């Protein structure tokens, strides 16, 4: 039952990534691309958690992937809010 729920969560992350990727294709704003990549990393993390036997969320590898995903979100926000260079 846990694997089914992990698959559903991974599908949700994947769909959220596709949602942001669609906006990136229309606007070419890197903000949406970083968000899409972050959500896809989360989906891959959930799939790996569900398929690898004995894997737990407290494993540093899975935790590191999650930190990387949230780091991409922070990078997107930082890039969106930084001041444009003076000309």
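The values are calculated or read from the model by the stated rules, or taken from the named source; none is laboratory data. Just so it is clear, the structure is predicted and the values come from calculations on it, not from any experiment. Positions of Cβ are backbone-derived with ideal geometry, glycine not excepted, and every protein chain shown enters the neighbour counts.
On the given criteria, is residue 56 assigned to a loop (DSSP other than H, G, I, E, B), more than 11 Å from the chain's Cα centre (by Cα) and farther than 15 Å from residue 14 by Cα? Reasoning before the result, please.
Numbers: assigned to a loop (DSSP other than H, G, I, E, B): yes; more than 11 Å from the chain's Cα centre (by Cα): yes; farther than 15 Å from residue 14 by Cα: yes.
Considered against the rule, which asks whether it is assigned to a loop (DSSP other than H, G, I, E, B), more than 11 Å from the chain's Cα centre (by Cα) and farther than 15 Å from residue 14 by Cα, residue 56 comes out as yes.
Return the total of residues in the stretch 46-63 being surrounded by 12 or more Cβ atoms within 10 Å (Cβ to Cβ), modelled with pLDDT of 85 or more and farther than 15 Å from residue 6 by Cα.
Qualifying residue count, the stretch 46-63: 1.
So is residue 41 more than 12 Å from the chain's Cα centre (by Cα), buried (at least 17 other Cβ atoms within 10 Å of the Cβ) and not in a loop (DSSP other than H, G, I, E, B) or not? Spell out how you get there, then give the answer.
Working: more than 12 Å from the chain's Cα centre (by Cα): no; buried (at least 17 other Cβ atoms within 10 Å of the Cβ): yes; not in a loop (DSSP other than H, G, I, E, B): yes.
No: the conditions fail for residue 41.
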